[in-house]
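The values are calculated or read from the model by the stated rules, or taken from the named source; none is laboratory data. Since this is a predicted model, take the numbers as computed values, not measurements. Positions of Cβ are backbone-derived with ideal geometry, glycine not excepted, and every protein chain shown enters the neighbour counts.
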Amino acid sequence: MKNIITLGGSSSRNSINKQLAEYVGELVNNVTLIKIDLNKFEMPLFSVDIEAKQGFSEGTKKLNELFEKADGFIISLAEHNGAYSAAFKNTFDWLSRVEAKVFRNKPLILLSTSPGVRGGQSVLEIALNRFPYHNANIVGSLAFPSFNENFNNGQVTNMELKQKLLSVVQKFENTI
């Protein structure tokens, strides 16, 4: 059985991006999901000075080990002021110091969502351009608009969006 990491790029306890990533993970057949909550991986604010003095935190090492063992990723990014959330950016910075090829050429579904009609399109575009430099094998992506209108009771209610997600999941399943 393949191990797939789901990750919502936010520190919010009620992260809609975490909900979306986990929902999409549940659509993938015959995998074990490793549901990552960034709040459970303690990392100081990234600094080369902290790295030189203290090395990598236990949270950084543990998360890196999970990334190493994973067979693929489903990541949904929160958009804060048009870019990554501080929690995700800090995590990404630390992981890239342990292993520059953070995603290790493993299949990745890249998502974003927000309450707005663009669904985090700006952060998704940033990640689509940046992640390949860190060996991301992005097999599909989607900005999921108007989360609160299109996702209710743990389900996608907009059938057009659900079909788009199922298409991305099919590509992912064929790749893992």
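Looking at the range 92-116 only, could you name the residues that are more than 16 Å from Leu128 (Cα to Cα), surrounded by 16 or more Cβ atoms within 10 Å (Cβ to Cβ) and in contact (Cβ under 8 Å) with a residue 60 or more places away in the chain? If the condition is that a residue be more than 16 Å from Leu128 (Cα to Cα), surrounded by 16 or more Cβ atoms within 10 Å (Cβ to Cβ) and in contact (Cβ under 8 Å) with a residue 60 or more places away in the chain, then Ser114 is the only one that fits. For the range 145-176, the tally of residues that are among the small types (Gly, Ala, Ser) and in a helix (DSSP H, G or I) stands at 1.
Residues in the range 118-157 that are surrounded by 16 or more Cβ atoms within 10 Å (Cβ to Cβ), closer than 13 Å to Leu20 by Cβ and either without any contact (Cβ under 8 Å) to a residue 12 or more places away in the chain or in contact with a Lys or Arg (Cβ under 7 Å, 6 or more places away or on another chain) (or both): 5 in all. What tally of residues in the range 58-101 results from selecting those that are β-branched (Val, Ile, Thr) and under 12 Å from the mean Cα position of the chain (by Cα)? Counting residues in the range 58-101 that are β-branched (Val, Ile, Thr) and under 12 Å from the mean Cα position of the chain (by Cα) gives 3. Of all residues in the range 106-138, those being among the hydrophobic types (A, V, I, L, M, F, W, C), in a loop (DSSP other than H, G, I, E, B) and touching a Ser or Thr at 6+ places or on another chain (Cβ under 8 Å) number 1.
Residues of the range 61-70 that are of a type outside the set (A, V, I, L, M), touching a Lys or Arg at 6+ places or on another chain (Cβ under 8 Å) and surrounded by 17 or more Cβ atoms within 10 Å (Cβ to Cβ): Phe67 alone.
Screening Thr6 on (1) out of contact with any helix residue (DSSP H, G or I) (no Cβ under 8 Å at 6 or more places or on another chain); (2) part of a strand (DSSP E or B); (3) in contact (Cβ under 8 Å) with a residue 40 or more places away in the chain shows it passes everything except condition (1). Out of all the residues in the range 71-79, is one or more under 21 Å from Phe56 (Cβ atoms), at pLDDT 95 or above, in contact with a strand residue (DSSP E or B) (Cβ under 7 Å, 6 or more places away or on another chain) and in a loop (DSSP other than H, G, I, E, B)? Among the residues of the range 71-79, not one is under 21 Å from Phe56 (Cβ atoms), at pLDDT 95 or above, in contact with a strand residue (DSSP E or B) (Cβ under 7 Å, 6 or more places away or on another chain) and in a loop (DSSP other than H, G, I, E, B), which makes the answer no. Only residues that are buried (at least 24 other Cβ atoms within 10 Å of the Cβ) and more than 23 Å from Gln170 (Cβ to Cβ) were counted in the range 1-17, giving 2.
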